[in-house]
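Read through the structure below, which is laid out as structure tokens, and then see the notes.
Every number in this text was worked out from the coordinates using simple rules, so none of it is lab data. All of these numbers come straight from a predicted model, not from anything done at the bench. As a convention, Cβ positions derive from the backbone with ideal geometry for all residues, glycine included, and neighbour counts pool all protein chains shown.
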Amino acid sequence: MDKLVIHGKNPLSGTVDISGAKNAVLPMMTAALLTEGVTTIHKVPDLRDTRTMIRLLKIIGAGIEFIDGTIKIDSSTVNKLEAPYDLVKTMRASFYVMGPLLGRFGEVKVSLPGGCAWGPRPVDFHLMGMQKLGADVSLEQGYILAKGLKLKGTNICFDFPSVGATGNVVMAAVLAEGTTVIENAAREPDIVQLCEMLNMMGANITGLNTNTLTIEGVRELHSAEITVIPDRIETGTFLMAGAALGNITLNHAEPNHLQIVLDKLEECGARYKAEHEKIHIQKADEIKAVDITTEVYPGFPTDLQAQWIALMCAAKGQSIVTDTVYHDRFTHIPELNRLGAHISLHDNIATVAGDASLKGAQVMSTDIRASASLILGGLMAEGQTDVSRIYHIDRGYEKIEEKFRSIGADISRISE
């Protein structure tokens, strides 16, 4: 098993190329299942999650070619309408095959994601949407079975703007008969790009960038070619590293997707300049404590909450970080405290004392974004920090240690 070894306090400078967005490309890859043609997607990040999705698409029967960041998906050979447990348990995004397979073939069998139950969990939003479209949905031995040869447009209102459910229902609805209206739909750039891709394939979706999507069903779709948007969470992670440690430039970044994060960084003392597909970030002379509350897009992303807490460890004064999206997403706090941070947690509210003199230590990753926060903590800490279980970060960040090393970080990957 690999670990990252970091020697902190190195100033950062230089340029980083931001990869394509993981949370955009995964549903885009499954959208290719809606047509028999060959779909081409450029700037696909080489991640554990994209590799897992490739394995799943191959199991379903699709032909895959993945070379130098470009993937070609031939769905004319799809012959197995099932997403097995051993893949879905490792990546919840595997659930994205439900909508396109149901929409195109009229049936699908998908394992419940790991940890989910048939009760009031986010997966229910996906299932409710399929049922509203006319599918018969049942649970058998841990698998969701959905059948509906003639899906019909309908009105769907989500209690919460779930990104996954919005994407899945949109993909099921594009080939349904009639009009589907999704209210309280997710507005994330990843969903906007999915809808743009579907429209390029011949779908008729309006209301992009709003919380109400209208889908006029069409008879069939055709293949398309598209380039993945920049990963705003990777962008935010490097922005926070720059605010703490240097003067760096991020290429292939989209400032408009991160305006609230840029505003907060400016508030804490960092200086930035946004250009077309480029952001310059300059270290704060003194990091000021700034409170944040995570919200659905366009609010502060929950996927940057852990990284913000790491940054606030070095801030002057106390800050409050509240996560309203995932109330239990704070497993990074005990690990940051091992580095010398002073963070307390009550329910979904973290209090960061700030002014911490971080010292290197052995820490352990628990999820993708927690891993990123520990890397930031290690970069800011004096001495050596070992971050173990980094297979988590490989799910969502492409060659992160190489990118940090290219801007001056002392970071290396070692096999234990």
Residues in the range 1-26 that a label on Arg405 would reach, taking backbone N under 12 Å of a point 7 Å out along Cα→Cβ: 4-6
Under the rule a/c < 1.5 gives rounded, and otherwise a/b versus b/c splits prolate from oblate, where does the range 182-224 land using the Cα gyration tensor? oblate
Estimated FRET transfer efficiency (Thr331, Arg219; beta-carbon r; R0 35 Å; 0.05): 0.15
Stretched fully, the stretch from Ser412 through Asp86 gains (0.36 nm per residue minus C-alpha distance, one decimal, in nm) 114.3 nm
Among DSSP beta bridges whose residues both lie in the chain, state the antiparallel percentage, nearest 5. 70 percent
Could you give the distance between the Cα centres of the range 320-375 and the range 134-176, to the whole Å? 36 Å
Work out the P(r) tail for the chain: percent of alpha carbon pairs separated by more than 38 Å, whole number. 21 percent
Apply the Debye scattering formula to the range 109-222, with a single equal point scatterer on each alpha-carbon and no solvent, then give log10 I(q)/I(0) at q = 0.16, 0.17, 0.22 Å⁻¹. -0.70, -0.79, -1.23
Rel. contact order, % - alpha carbon contacts under 8 angstrom, at least six apart, the chain: 21 percent
Residues whose modelled amide H sits under 5 Å from the amide H of Thr154, counting only those 5 or more places away in sequence or on another chain, are Thr180, Val181
Thr322 versus Lys58, label points 7 Å from Cα toward the beta carbon: distance in nm? 4.7 nm
One finds, for Thr77 and Ser357 with R0 = 60 angstrom and r their Cβ-Cβ distance, a FRET efficiency to the nearest 0.05 of 0.55
